[in-house]
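The values are calculated or read from the model by the stated rules, or taken from the named source; none is laboratory data. Note that this is a predicted model, so its numbers are computed, not measured. Neighbour counts are summed over all protein chains in view; Cβ atoms, including those assigned to glycine, are modelled from backbone coordinates with ideal geometry.
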Amino acid sequence: MVRMCSMTVACATILVAGSVAGAADRAPVASKVAVKAPAVTQNLRSVLPATGASLTGTGAARCLCEGWDNGVWDENDGQVSHLGGGVPSGAMAADDFYLCEGQVHDLKSVSGFLITNSNPALRKAKAILFSDCNSCPAQELYVFTEFSIVSTRDLGGGYYLVEYRFDMANQFEEAERNIVLKGGVYWLALVGKTDNQCATMNMCDISFFATTGDGYIKGSVAKKIQGLPGLPVNQYSFTSSCGGQYGWNSVDDCCIGCTDLAFTICADPCKILIDNGSQISAVAQFASGAPSEKSVSNSSRNTRAADDFVINPCRDFSVCYIEGCVYTNCEGWDGFYEIYANDCKLPDFYFGDSVVAYKDGATKIVDLGYNVVIGGVTLRAYRVEFHDISGLILQKGHTYWISIGALDTFSFTEKAYFCCNYDCRRIGCLTRFNRGVKLTTAQQGSHPSTPVGWVDAGCDFAFLIAGTYAGTAPGSGSVGTACIADIDGNGSVGVADLFTFLDAWFAGCP
């Protein structure tokens, strides 16, 4: 049974004579009958028996993948989640999901089930991903609008169970593609969009986010929210508050009880090798970095900033994802990363040398929404991301250095910096292994052509590296096994394993 809670009479118009497209095959659209629902709730089961429809069945198959599977419709109920039509001010329903900590998750698709009486030829929906705060949806992170319909099921009375899927690769907006989520709690809202038949034909459609789990709850009980009233037609606004008349509230307040909602998250996990702290905050105290620009000329713009990291002594590591923070005043710029071998607490690299690995051109550059000032120059903060890295295998027990920055745009005013890191969980201990270093072609002062080599940058840098243990493919169901006690691999555990471990750990002067 699908119910609509806290809706006015005008908001609760429900079709009961079949879908528009289905009826159009049998009779003119004008023969549709609109029925006014009661002022508070409308129980769909009380409407469907008149049509002879049955609510039994197995439901449509959902995507089976890594990530989170909340299940299919449990034949019980649904929470109104629709924009326009029978819900003029809009309403949304959302449910939470969890992605494993210590990993990043390359989001592939989200899918879910709506029960709707929208015109089948005009069905539309969107999915919204939120962060979590105190077990409520908080910041809106992504909005997905490009969808495919995986399956439909006629429930009678003009209602259909529809499974929508939103593939990240098909999203129109670049910001909604190539999404990597860190482990933690998130919320997904699946929302129907009106077919716009209400005003002209008095046929006001409505959608419900289908329930799942037969009352078994994964995480928190689903939440609902009403749109703010009084806005023009087809304009909707929602608060981000938890609780209150127009905030997020539990769906068990009215009327479907404690329940989860039917959706699936598909994502490929990668183990985080090192998360060296996020981009630093916009607070001036932390607004610092070191020049890191890659140029084909040996000009003062050809600079590098680098930080070290260590591969544990268990197994080789296959990298699948890298990100870092860059401050720059350029527009239309692109990013790079380079990985260097270790030369006892310094990178084994100078301009013109070969590198362990490099990539010119980022997969995605994300504007972080704030400016910093370094050396009197205003710079914008960005996260630069490199996805789908293949063939980059780093050897166990080795120390490496990574440099992230901007490719030279050949502008005389270009400035780009690898951001110093910041992590509120490690205040006073932001350095891992050795402090970051910087490399320039020229010394500041009276001898501009004098090489200076690598010097202390005064901080560690903001970057993250993720992947799998070598031999474990991304998306295969495992990001690698734990390090076994038999470190030297001789078939027995003893004191020799301890010394082998220590030798590997200290190899390369980490």
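Values as computed for the structure displayed
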{"read-out": "Condition check for S118: surrounded by fewer than 21 Cβ atoms within 10 Å (Cβ to Cβ) and assigned by TED's automatic domain parsing to the domain that holds S250", "value": "no"}
{"read-out": "Within the stretch 184-215, considering residues that are over 22 Å from W248 (Cα atoms) and exposed (fewer than 15 other Cβ atoms within 10 Å of the Cβ), the one nearest to the chain's Cα centre (by Cα)", "value": "D214"}
{"read-out": "Output for the stretch 350-407, where each listed residue is under 24 Å from E331 (Cβ atoms), among the hydroxyl-bearing types (S, T, Y) and in contact (Cβ under 8 Å) with a residue 60 or more places away in the chain", "value": "T363, Y370, S403"}
{"read-out": "Residues (under 15 Å from I128 (Cβ atoms), over 13 Å from the mean Cα position of the chain (by Cα) and surrounded by 13 or more Cβ atoms within 10 Å (Cβ to Cβ)) located in the stretch 167-178", "value": "Q171"}
{"read-out": "Sole exception among (1) within 17 Å of G85 (Cβ to Cβ); (2) buried (at least 20 other Cβ atoms within 10 Å of the Cβ) for A222, by number", "value": "(1)"}
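Per-residue answers, yes or no, for (1) over 28 Å from Q197 (Cβ atoms); (2) at pLDDT below 95:
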position: K224; (1), (2): no, no
position: T239; (1), (2): yes, yes
position: C254; (1), (2): no, yes
position: C258; (1), (2): yes, yes
position: S278; (1), (2): yes, yes
